[in-house]
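Below is one structure, written out as structure tokens; the observations come after it.
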Amino acid sequence: MCGIVGYVGQREVVPLLLDGLGKLEYRGYDSAGVVVRHGHELTTAKAEGKLERLRAKLERAPLPTGGYGLGHTRWATHGAPSERNAHPVVDSKGRVALIHNGIIENFLALKHRLLDAGWTFATDTDTEVVSNLVSSHLDETSSLTEAVRRTIAELEGMYAIAALSTQGEEQEIVAARHGPPLLLGYGEGETFLASDAAALLAYTRDVTFLENGDLARLTTAGATVWDAQGEEIERPQHRINWDPVQIEKGGYKHFMLKEIHEQAQALQDTFSGRVDFERRAINLDSLGPLADPDALAGIERIHLLACGTSWHSALIGKFFIEQLARIPVEVDYGSEYRYRDPIVDSRVLAIGISQSGETADTLSAMGAARERGGRLAAISNVVGSQATRIAEGVVYTNAGPEIGVASTKAFTTQLEALYLLSLFLRQSRGKPIDADLLDPLAHLPQAIVETLEREDQITELTRKYFRSENFLYLGRGLDYPIALEGALKLKEISYIHAEGYPAGEMKHGPIALIDEEMPVVAIVTGAQEVADKVTSNIHEVKARDGIVIAVTDRDPSSLENLADEIITVPRISPFLQPIVDVVPLQLLAYQVGVKRGCDVDQPRNLAKSVTVE
Ligand code: F6R
């Protein structure tokens, strides 16, 4: 997960940048770098691996003192993790240094245009397209702010960028946000920039959070901010009085809410470095011996083993693997697997899915598969956890630490990891990975950001329904496990009785529960025929005076006289849609739990890691 730090002022800049980057280390990264401007010269230092290596390098060959600059920790997206691809990235005329978090979706088209115009590229990053683009605009205007403004007008995707140039006499950094967070910090004759307040708290507690679409110019006198319409705007200044726990919560009221909001970044970090969008290939080296095509060729069946929320991701994983790789899949609860004496031999690949990697039931199921001669893999969020130690290979979900007991970002990244695994299996069987399977991954973080914009609407409708004692969740196809997950989230966070059902099953029993008291959350997304059927199920609920809260990716007018509440979500792709659809359900569970005064981060009777059978 990339980190950004920037500084204009009179302090010694390199130690400050390194210290700020150190505070962001917990986010995980694979290379780091700094750039400092002295006079009209830009000097960079970069290193692959941990910050220690950059520090050691700077001790051996210090940058000249004085000046101002930018620092960055990179988590590879486009281009391998290497010193060459580390940020800051300087344009081919050597006058703009730029750092970037996020993904530029149209980087290929922009790169071809720049190549045709004579710009050259020394890295494999999408970031270099942006530094060259800013520099190209400096041929038209002497203002760095204007050059960055013209650049962002051409960018598609999700990004936070910061740039400095060799031009002008004044200390100046220009930054822009469209997705990943950025904030400004203020001191006496100095201004700071960071992707996370933790990087700045040693220097200032007076900060301004930039909004999506904002462009900011930092000088030693302060900062000027323009909104997406280009209007100069005063964003509120906050004084951060966080205690250490609040600092960890990043200003959110609860870890759960913070983690719901971290999903765009977590999803990006999970596919980063594993997807080659140009060659349409998936790299899952961490599968170790299981990454070998010969080993995979011998796999005829897959068993997915998991508990709770992770079991819901296994249900969707079955769909992915069977559809994309055409390998039959069985899904089992960890706690049930060994009691059915499963049929396992070396042609079975058993995959334990566990956020913590320590869930006793999942571990015992993995053990049962191995004892019977099966091959063994894990999908986990915790490096070095037991599940990862007993497995031959692992696909890590790079979600970062999940503190809230209710799983949110670990779930969505599990779904993405399963999708990557399914594509990898497809590739190993010699089937092509078409652009319509791969490209939506790059759009996913932005789709999550747009879905999170529904938060106020969900807070509003929570007021009407938080006193209900029962909820029903309905979905079909890939949204059936999402209905199960929505119901589980609500019951664990708010202690409300909630059930998830395949929408078509409602008429076989649960329909008896429907009355004017019970909200029914219906997920109406995916293929037209599936959505049409769920719409028919909504008619059945309304015919019995039920309350319908619809989550849909289609034109809301199609549900206007039918559903009581309509939450729209962006449409992404049939396979990735459930990852988007679950986000409003997470927010609903969270808001209802808070409104009922529940301890949402540590619900009663639950533990984050269930190490007993
Ligand atoms: C629900 C939840 C639990 C876990 C389950 C398995 O929000 O967190 O249902 O999913 O206990 O945990 P892991 O994935 O750590 O094996």
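The values are calculated or read from the model by the stated rules, or taken from the named source; none is laboratory data. The model shown is predicted, which means the values in this text are computed figures rather than measured ones. No Cβ is skipped: glycine too gets one built from the backbone with ideal geometry, and neighbour counts run over all protein chains shown. Surface areas here come from the heavy atoms of the whole protein model, side chains and all, with no ligands, DNA or RNA. Shrake-Rupley method; radii C 1.70, N 1.55, O 1.52, S 1.80 Å.
Below are the figures for this structure:
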read-out	value
Ranked by how many other beta carbons lie within 10 Å on average, peptides 407-415, 54-62, 393-401 from highest	407-415, 393-401, 54-62
More than 25 Å apart - percent of Cα-Cα pairs taken over region 197-341	57
Rounded tilt (10° steps) of 435-452 against the dominant C-alpha axis of the chain	80
GluC sites (Glu not before Pro) restricted to region 233-303 and DSSP loop, no more than 15 other C-beta within 10 Å	GLU234, GLU278, GLU300
For region 341-444: rounded, prolate or oblate by the Cα gyration tensor [a/c cutoff 1.5]	oblate
Helix axis angle, 127-138 relative to the chain longest principal axis, alpha carbon, degrees	40
Average Cα contact separation per residue, the chain, under 8 Å, 6 or more apart, as relative contact order %	10
Region 91-130 shape via C-alpha gyration tensor axes, a/c threshold 1.5	oblate
GLY500 long-range amide H proximity, modeled H, under 5 Å	TYR473
In range of the label at ALA202: residues from region 1-19 whose backbone nitrogen is under 11 Å from the point 7 Å along Cα→Cβ	15-19
Region 135-199-region 373-427 distance, computed between alpha-carbon centres (Å)	36
Protein-only accessible surface order, largest first, of VAL331, VAL534 at 1.4 Å	VAL331, VAL534
Restraint check, LYS23/LYS409; LYS253/LYS464; LYS249/LYS464; LYS464/LYS491, Cα-Cα greater than 20 Å	LYS23/LYS409; LYS253/LYS464; LYS249/LYS464
Which of ILE343, ILE523 is most accessible, then next, and so on - probe 1.4 Å	ILE343, ILE523
ARG467 versus ARG326: modelled label distance in nm, points set 7 Å from Cα along the beta carbon direction	5.7
Spatial separation of Cα centroids for region 433-472 and region 540-613, in angstrom	8
Solvent-accessible surface (1.4 angstrom probe) belonging to ILE390, in square angstrom, nearest 10	40
Potential lengthening between LYS533 and TYR252 on full extension [0.36 nm per residue; Cα-Cα distance subtracted]	97.3 nm
Amide N of region 285-327 lying under 19 Å from the label point, which is placed 7 angstrom from the Cα of SER364 along Cα→Cβ	304-311
Additional length obtainable on full extension of the chain from ALA122 to ARG347, 0.36 nm per residue less Cα span	76.5 nm
Cβ-derived FRET efficiency at R0 30 Å, ASP19 paired with PHE209, nearest 0.05	0.90
Relative contact order for region 455-595, counting Cα pairs under 8 Å that sit 6 or more residues apart, in percent	29
Three-way shape call for region 255-451 based on the alpha-carbon gyration tensor, with the a/c threshold at 1.5	oblate
Probe 1.4 Å, accessible area per residue of region 512-613, Å²	43
LYS595-LYS50 FRET efficiency (beta carbon distance; Förster radius 30 Å; 0.05 resolution)	0.10
Rough spin-label spacing in nm, given labels placed 7 Å along Cα→Cβ, for SER82 and TYR495	5.7
Virtual spin-label span in nm between ASP555 and ASP276, 7 Å along Cα→Cβ	4.3
Length added when fully stretched, GLN457-LEU108, from 0.36 nm per residue minus Cα-Cα	122.0 nm
17 Å cut-off, amide nitrogen to a point 7 angstrom out along ARG604 Cα→Cβ, residues in region 445-472	467-470
Exposure rank, largest accessible area first [VAL594, VAL551; 1.4 Å]	VAL594, VAL551
